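The values are calculated or read from the model by the stated rules, or taken from the named source; none is laboratory data. Bear in mind the structure is a predicted one, so any value in this text is a computation, not a measurement. Because the Cβ atoms are built from the backbone with ideal geometry, glycine has one as well, and the counts that use them run over all protein chains shown. Accessible surface areas use protein heavy atoms only, side chains included; no ligands, DNA or RNA. Shrake-Rupley method; radii C 1.70, N 1.55, O 1.52, S 1.80 Å.
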Amino acid sequence: MSFDQIIDRTGTHSAKWDMMEPLYGVSPKDGIAMWVADMDFRLPASVQAALEAMVSHGIYGYFGDDRAYLDAIRWWMAHRHGWQVEREWIFTAHGLVNGAALCVDAFTEAGDGVVLMTPVYHAFARVIKASGRRVVECELAIEGGRYVPDFAAWDAMMTGAERMMILCSPHNPGGRVWTAEELRGIADFARRHDLILVSDEIHHDLVVAGQRHQVMALAAPDISDRLITLSAATKTFNIAGAHIGNVIIADERLRARFAARVAALGISPNSFGMHMVTAAYSPEGAAWVDALMAYVDGNRQVFDAGIAAIPGLASMRLEATYLAWVDFSGTGMDPAEFTARVEKGARIAVNHGPTFGKGGESFLRFNLATPRARITEAVERLQAAFADLQ
């Protein structure tokens with residue numbers, strides 16, 4: 001669990017490090033990659049050992065007998081989240097972007113509206129638009145420096161042509177852990193407007209001390225007839241390249257409809273991902289996650305203190321995820337100027353706020369899941385890039 005170790009990821013086909021120069025003009029030779037949401041940390045020893053056992057065996061055939069895999073998921077959900085999940089509820093997708101896309105495909109038709117609480121993870125809008133559906137942006141309000149639902153405004157926006165709502169819980173990019181009351185409000189909103197509710201809970205394990213993720217299925221059990229839960233080990237354990245995630249459906253009617261689409265599309269799981277998830281969802285994996293989040297919170301404290309020292313910048317306080325959401329509106333600069341200062345001046349590659357939808361225009365997203373020395377360096381670079389404001 002040596003999170004301080006600097007590991008060179010360049011030349012490894014890393015999207016985060018090998019693509020930042022062509023996309024952002026920031027060279028990996030002297031730049032810092034703080035955009036793609038994966039970590040610069042090695043995965044738990046238990047997961048590495050599972051992969052090494054596969055490589056040692058040397059035969060990579062079709063995966064069979066998924067009972068241990070499904071039971072590992074069930075154990076994790078019960079022990080970490082207090083949620084009892086049955087084997088037959090669990091479908092395996094090629095990651096949760098794929099899982100969300102499958103839900104859009106299975107439960108909506110071309111032209112239907114799909115509601116997003118923006119700003120929110122940009123891949124949702126991408127798959128909605130690609131499938132010929134309409135993105136309906138319900139902008140989050142900001143109260144006390146954090147995002148909150150604005151149900152009155154959202155109710156007024158609904159036309160009756162909306163069929164689905166995709167929730168990001170915990171929230172990316174704002175780092176909110178929604179309260180049970182807020183989740184019940186979202187469930188009521190979905191019921192009022194007859195929406196299938198897809199709750200993407202991929203960041204559910206990445207919660208800072210003092211916070212607790214609320215599983216939608218437990219916060220609003222009466223929504224089960226329209227609820228689909230997405231979860232994955234990939235974000236938790238830094239195995240996003242395995243492209244594996246869970247679509248969990250308790251309702252038998254919804255489950256049958258989803259199963260029919262999965263069968264029609266010929267989807268089957270990746271054996272490497274199955275072995276990795278089985279090894280990750282274990283007591284060893286749990287200890288690794290606890291150590292990880294303590295380290296990430298230390299990074300958050302260093303980063304937030306550095307941002308607070310720059311007039312006009314404000315970082316939302318993280319309750320979950322390892323993604324800092326920084327507001328530059330107080331600088332009076334337009335997005336082109338403050339983004340250029342970060343990318344060309346500080347030589348840091350970051351995610352641009354407008355890609356997350358309405359409400360993201362004045363923000364940039366920074367990935368804090370990297371060794372602390374890089375966080376310290378990034379803060380020093382940002383302070384130098386905005387030195388004229390200090």
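In region 1-81, which helices (runs of 4 or more DSSP H) lie fully inside it and hold 1 or more residues that are in contact with a strand residue (DSSP E or B) (Cβ under 9 Å, 6 or more places away or on another chain) and open to solvent by less than 80 Å² (accessible area, probe 1.4 Å)?
Answer list for region 1-81: 15-18, 20-24, 67-81.
Looking at region 92-120 only, could you name the residues that are more than 15 Å from E139 (Cβ to Cβ), within 22 Å of the chain's Cα centre (by Cα) and assigned to a loop (DSSP other than H, G, I, E, B)?
H94, G95
Conditions (1) under 28 Å from E109 (Cα atoms); (2) touching a strand residue (DSSP E or B) at 6+ places or on another chain (Cβ under 7 Å); (3) not in a strand (DSSP E or B), marked per residue:
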position	(1), (2), (3)
L183	yes, no, yes
A190	yes, yes, yes
A209	no, no, yes
Q214	no, no, yes
L218	no, no, yes
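Would you call I307 touching a residue at least 60 places away in the same chain (Cβ under 8 Å), open to solvent by less than 10 Å² (accessible area, probe 1.4 Å), in contact with a strand residue (DSSP E or B) (Cβ under 7 Å, 6 or more places away or on another chain) and in a helix (DSSP H, G or I)?
yes
Out of region 126-142, which residues are touching a strand residue (DSSP E or B) at 6+ places or on another chain (Cβ under 8 Å), open to solvent by less than 30 Å² (accessible area, probe 1.4 Å) and not in a loop (DSSP other than H, G, I, E, B)?
I128, V136, C138, A141
Pick from A378, A349, A373: which is over 18 Å from the mean Cα position of the chain (by Cα), surrounded by fewer than 16 Cβ atoms within 10 Å (Cβ to Cβ) and within 19 Å of A37 (Cα to Cα)?
A373
If D200 satisfies every condition in (1) more than 23 Å from A259 (Cα to Cα); (2) open to solvent by less than 10 Å² (accessible area, probe 1.4 Å); (3) touching a strand residue (DSSP E or B) at 6+ places or on another chain (Cβ under 7 Å); (4) not hydroxyl-bearing (S, T, Y) but one, which is the exception?
Just one mismatch for D200, condition (1).
List, please: which pairs have Cβ atoms under 6 Å, are six or more places apart or on different chains, and start with a residue in region 354-375 that is in contact (Cβ under 8 Å) with a residue 40 or more places away in the chain and on the phi > 0 side of the Ramachandran plot and end with one that is open to solvent by less than 40 Å² (accessible area, probe 1.4 Å) and hydroxyl-bearing (S, T, Y)?
Pairs that qualify, where the first residue is in contact (Cβ under 8 Å) with a residue 40 or more places away in the chain and on the phi > 0 side of the Ramachandran plot and the partner is open to solvent by less than 40 Å² (accessible area, probe 1.4 Å) and hydroxyl-bearing (S, T, Y), are G357/T118; G359/T118.
Out of the residues in region 276-304 that are without any contact (Cβ under 8 Å) to a residue 60 or more places away in the chain and more than 17 Å from F3 (Cβ to Cβ), which is least open to solvent (accessible area, probe 1.4 Å)?
Ranking the qualifying residues of region 276-304, first place goes to D304.
Kindly indicate whether T108 is open to solvent by less than 50 Å² (accessible area, probe 1.4 Å), in contact with a Gly (Cβ under 8 Å, 6 or more places away or on another chain), hydroxyl-bearing (S, T, Y) and closer than 24 Å to L265 by Cβ.
Considered against the rule, which asks whether it is open to solvent by less than 50 Å² (accessible area, probe 1.4 Å), in contact with a Gly (Cβ under 8 Å, 6 or more places away or on another chain), hydroxyl-bearing (S, T, Y) and closer than 24 Å to L265 by Cβ, T108 comes out as no.
Across region 143-156, what is the total count of residues that are touching a residue at least 24 places away in the same chain (Cβ under 8 Å) and open to solvent by 40 Å² or more (accessible area, probe 1.4 Å)?
4
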